[in-house]
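Trainee: One structure coming up, written as structure tokens, with questions to follow.
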Amino acid sequence: MGIANIVFIVLFLAGSALFFVNARKIRRNILLGKDTNRSDNKATRFKLMTLVALGQKKMFSRPIPALLHLFVYVGFVLINIEVLEMIIDGAAGTHRVFSFLNFENFKLYDLMIGVFEILAFLVTFGCLAFLIRRNILNVKRLVMKELNGWPKTDANLILISEILIMGSLFIMNAAEKNLGSTYWFPVSGFIAPIFSGTSESTLHFTVEFCWWFHIVGVLGFLNYLVISKHLHIALAFPNVFFANLNPKGKLSNLQNVTNEVKAMLDTSFVPPAPKEGEVNSFGAKDVFDLSWKQLLDAYTCTECGRCTSSCPANKTGKLLSPRKIMMDTRDRLEEVGKNIDKNKGSFDEDGKSLLGNYITNEELWACTSCNACVQECPVNIDPLSIIIDLRRYMVMEQSAAPNELNLMFSNIENNGAPWQFSPADRLNWANE
Amino acid sequence: MTELKIKTMADFMATGEQPELLFWVGCAGSFDDRAKKITKAIVKILNHVGIKFAVLGTEESCSGDPAKRAGNEFLFQMQAMNNINVLNSYEVKKIVTGCPHCFNTLKNEYPALGGNYEVIHHTQLVQQLIDDGKVKVKEGGAFKGQKITFHDPCYLGRANDVYEAPREVLQKLDSELAEMKRSKAKGFCCGAGGAQMFKEAEKGNKEVNIERTEEALTLNPNIIAVGCPFCMTMMTDGVKHFNKEQQVKVMDVAELISQANDL
């Protein structure tokens, strides 16, 4: 074992450990949310995950980005086999350890390397097209104002990193071909001539450099995930698995409200005492009041904006953007997470909250609850449930509903109808 | 016009009978002048096929939908529990609603509070009646050759995945059914849901119902068909906004079937 192998092993372990530590923090942050039972109907959930996450079913309602995304997705998943080979090579000091798969009468390894090259080419093509869509074509949902600053940089960094990581693979193979390698290189074969006349030592250096660039790039990218919107590549799967299986129109029932209403209607009903340490509040003001699934939604969101581009409020110039609801929820949750890190495991009240500091009343009151955002999300995120929970807090804890809605409430309370009609007149239509 | 035969649950109770079906009229269907016509069209269809149905009359109260969507879970649950008390005391089993919001609330949100019923929307009932041969649409009826486009109510479509029932009914009218670009799961809201019906829209650059009506009008339809009293209001206002009320009618699916059969 040489010094290079030791360096590699140290780098690999450090990169993996760092990722593990940060992934655990994300898990901790998600579990700051309230409990909700999503472990029922496992077979249905598994099927849904297979179709929607693995099979990308919902992506294909917009075929062009769906196809480009499929290139990047399939490429990224399968090229991991090559990354595995590189890890073994790096740790054990072997060279192309899987090449034993080139059998006498079937060159399986050649086929693998060739397919990986074609996939890497498609990934590069997809990422370039995405960069063009974001920065030159300015596709509307990809340049909206909530993406200004870090979100835009984040998106471009992801795409450029992927292009560089794939590019290093091509250059490595091209240099290796010039060193006499006879594996099937369907893509790098084309660029191999750029190395003609290059000295053997330069070629060796190029192969070595690209190899390290690729594997260090992969480790870096893995650790970049945790601060990026790109987390969806991992979280899309659990997020779809734990998605709401009820009809979209069914909003959650607040059990603590049920207890109070029952006690009001039936004086013999004694509501169960709240669990220790639990404050009986209604709706959500901050991330702690949301469920872990709503927080998982926030980490899963990759800011594609299909929700916002189909939102009737946003389409007609209102402030509401379902994507921003998800981005705000994650931003606030990360802020809370950092606060907890700083205070050795407990949250130090910072006087801020999701409602108010991140999401305004005006945004929330623009929603028509039409479920277009929920329908459009390719990974079954539910922005509407957060909007409703925040509205509940505004109405039941802050009495901050718009006046017209207060009038509607009092009409229902007094007349049993949202308008000012007498309940005695309810059947008048029959005789008109 | 033949007289409508309407009995309340209390009427049935008095004679010791049990109706097959409860017709949940809804607040709009009871009080809104335009929506009352939809209510009557539904009753005419029920009378025509001779279903033994009842309404709650003055015992009906708001389902609580707008309160719940606006965030007032207290008021919603008060309404729901009172309604459930009434429904359960009459041992109601099956309910048809004239409004997708009542439909969604009764079907999906009442069970958690002790109200378990088979709930269908009136377009589903009409479709069943046509399938069973109980309602026949006359050939060459009033809407033959007319161009009709159906605007999906969010609370029937996306909320409950009912897209085909209203379309299958409309197909019986011998008319041309044209789809808007945003239809079915991609349907665009009329702007009234989530309690927006009862408030001014937030600041923007356009009203949602104008955007939707504009889309419908690009098809040059004779009729915009709806399945919700709130969509009815929004689309009618939209058509008026474009001064098209002479050329384009907004009609509920039930009204179309009722008129096609001269009921």
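The values are calculated or read from the model by the stated rules, or taken from the named source; none is laboratory data. A quick note: this is a predicted structure, and the numbers were derived from the prediction, not measured. Because the Cβ atoms are built from the backbone with ideal geometry, glycine has one as well, and the counts that use them run over all protein chains shown. Side chains are part of the model used for accessible areas, which takes the heavy atoms of the whole protein and leaves out ligands, DNA and RNA. Shrake-Rupley method; radii C 1.70, N 1.55, O 1.52, S 1.80 Å.
Trainee: Would you kindly state how much longer the chain becomes between A:N22 and A:K34 on full extension, computed as 0.36 nm times their sequence separation minus their alpha carbon distance, in nm to one decimal?
Mentor: Between A:N22 and A:K34, full extension yields an extra 2.2 nm.
Trainee: Another question about this same structure. Kindly provide the chymotrypsin sites (Phe, Trp or Tyr not before Pro) of the range A:1-110 that DSSP labels as loop, not H, G, I, E or B, and whose Cβ sees at most 11 other Cβ atoms within 10 Å.
Mentor: Those satisfying the criteria are A:F103, A:F106.
Trainee: If you don't mind, there's one more thing I want to ask. Working out 0.36 nm times the residue gap between B:E91 and B:A178, then minus their Cα-Cα distance, what length gain in nm do you get to one decimal?
Mentor: Residue separation times 0.36 nm, minus the Cα-Cα distance, leaves 27.1 nm.
Trainee: The range A:294-322: which residues show an accessible-area loss of 20 Å² or more, assembly versus chain alone, 1.4 Å probe?
Mentor: A:P312, A:K315, A:T316, A:G317, A:K318
Trainee: With a cap of 15 neighbouring Cβ atoms within 10 Å, and only residues DSSP puts in a loop, list the GluC sites (Glu not before Pro) found in the range B:6-68.
Mentor: Within the range B:6-68, the qualifying GluC sites (Glu not before Pro) (loop, at most 15 other Cβ atoms within 10 Å) are B:E17, B:E20.
Trainee: Next up: Excluding B:N83 itself, calculate the net charge of residues whose Cβ lies under 12 Å from the Cβ of B:N83, where each Lys or Arg counts +1 and each Asp or Glu counts -1.
Mentor: Overall, the nearby charge balance is -4.
Trainee: Determine the sum of side-chain charges near A:F76: Lys and Arg each +1, Asp and Glu each -1, restricted to other residues whose C-beta is under 12 angstrom from that of A:F76.
Mentor: -2
Trainee: Can you grab the distance from the C-alpha centre of the range A:42-110 to the C-alpha centre of the range A:195-243, Å, no decimals?
Mentor: If you average the Cα positions of each part, the centres end up 14 Å apart.
Trainee: Moving on to the next point. Mind checking which lysines have their C-alpha under 18 Å from B:K107, skipping anything on the same chain fewer than 8 residues away?
Mentor: A:K248, A:K250, B:K68, B:K93, B:K94
Trainee: Right, another one. Given a 1.4 Å probe and every protein chain left where it sits, what share in percent of the accessible area of the range A:255-398 is carbon and sulfur?
Mentor: 50 percent
Trainee: Given Cα pairs under 8 Å that are at least 6 residues apart, what percent is the relative contact order of chain B?
Mentor: The value is 20 percent.
Trainee: Relative contact order for chain A: what is it in percent, counting Cα pairs under 8 Å that are at least 6 residues apart?
Mentor: Dividing the mean separation by the residue count of chain A yields 18 percent.
Trainee: First measure r as the distance between the Cβ atoms of A:E397 and A:F288, then evaluate 1/(1 + (r/R0)^6) with R0 = 22 Å and state the FRET efficiency to the nearest 0.05.
Mentor: 0.95
Trainee: Quick check on the range B:9-127: take the gyration tensor over C-alpha atoms, sort the square-rooted eigenvalues as a ≥ b ≥ c, and tell me if it's rounded (a/c under 1.5), prolate or oblate.
Mentor: Taking the square roots of the gyration eigenvalues as a ≥ b ≥ c, the range B:9-127 is oblate.
Trainee: Let me ask you something else. Which whole-number percentage describes the relative contact order of the range A:257-404, with Cα contacts under 8 Å and a sequence gap of 6 or more?
Mentor: RCO, the range A:257-404: 31 percent.
Trainee: Moving on to the next point. Going down the table (A:K47/A:K315; A:K318/A:K352; B:K186/B:K249), which pairs top 27 Å between alpha carbons?
Mentor: A:K47/A:K315
Trainee: At a probe radius of 1.4 Å, figure out the A/B buried accessible area, summed over both chains, and give it in Å² to the nearest 100.
Mentor: Chains A and B together bury roughly 5600 Å² of accessible area.
Trainee: Could you work out which residue, out of B:A67, B:A201, B:A28, moves most in a Gaussian network model of chain B, that is, has the largest mean-square fluctuation with Cα springs under 10 Å?
Mentor: Result for chain B, Cα springs under 10 Å: B:A201 fluctuates most.
Trainee: Could you work out how far apart the two model spin labels at A:I118 and B:K52 are, taking each label as a point 7 Å from the Cα in the direction of the beta carbon, and quote it in nm?
Mentor: The answer from the label model is 6.9 nm.
Trainee: Okay, moving on. Please state the charge dipole magnitude for the protein assembly as shown, taken about the Cα centre, from unit charges on C-beta atoms (+1 on K and R, -1 on D and E), reported in debye and rounded to the nearest 20.
Mentor: 780 debye
Trainee: Counting other Cβ atoms within 10 Å, keep those with at most 12, restrict to DSSP loop, and tell me which trypsin sites (Lys or Arg not before Pro) in the range A:242-313 are left.
Mentor: When the trypsin sites (Lys or Arg not before Pro) of the range A:242-313 are filtered for loop state and at most 12 Cβ neighbours within 10 Å, A:K275 remain.
Trainee: Then there is this: For chain A, which cysteines have no disulfide-compatible partner, meaning no other cysteine Cβ under 4.7 Å?
Mentor: Cys with no partner Cβ under 4.7 Å: A:C127, A:C210, A:C301, A:C304, A:C311, A:C367, A:C377.
Trainee: Between A:V97 and A:F190, with labels modelled 7 Å along Cα→Cβ, what's the label distance in nm to one decimal, could you check?
Mentor: Those two pseudo-labels are separated by 3.2 nm.
Trainee: Ok, one more. Loop sites only, by DSSP: take the trypsin sites (Lys or Arg not before Pro) in chain B that have at most 11 other C-beta atoms within 10 Å and name the longest stretch containing none of them.
Mentor: B:1-135
Trainee: Roughly how far apart, in whole Å, are the Cα centres of the range B:12-74 and the range A:296-327?
Mentor: That distance is 36 Å.
Trainee: Another one. With label points built 7 Å along Cα→Cβ from the Cα atoms of A:V10 and A:L108, find their separation and express it in nm.
Mentor: Reported label-point gap for A:V10 and A:L108 is 3.7 nm.
Trainee: Mind giving me the FRET efficiency for A:K42 and A:V143? R0 is 41 Å, r the Cβ-Cβ distance, nearest 0.05 is fine.
Mentor: 0.50
Trainee: So, one more: Less than 12 Å Cβ to Cβ from A:Q398, Lys/Arg counted +1 and Asp/Glu -1: what total charge do the surrounding residues give?
Mentor: +2
Trainee: If each residue of separation counts as 0.36 nm, what is the full-extension length gain between B:D33 and B:E118 once their alpha-carbon separation is subtracted?
Mentor: Contour length minus the Cα-Cα distance gives 27.8 nm.
Trainee: Take every DSSP beta bridge whose two residues both sit in the protein assembly as shown, then give the antiparallel share in percent to the nearest 5.
Mentor: 5 percent
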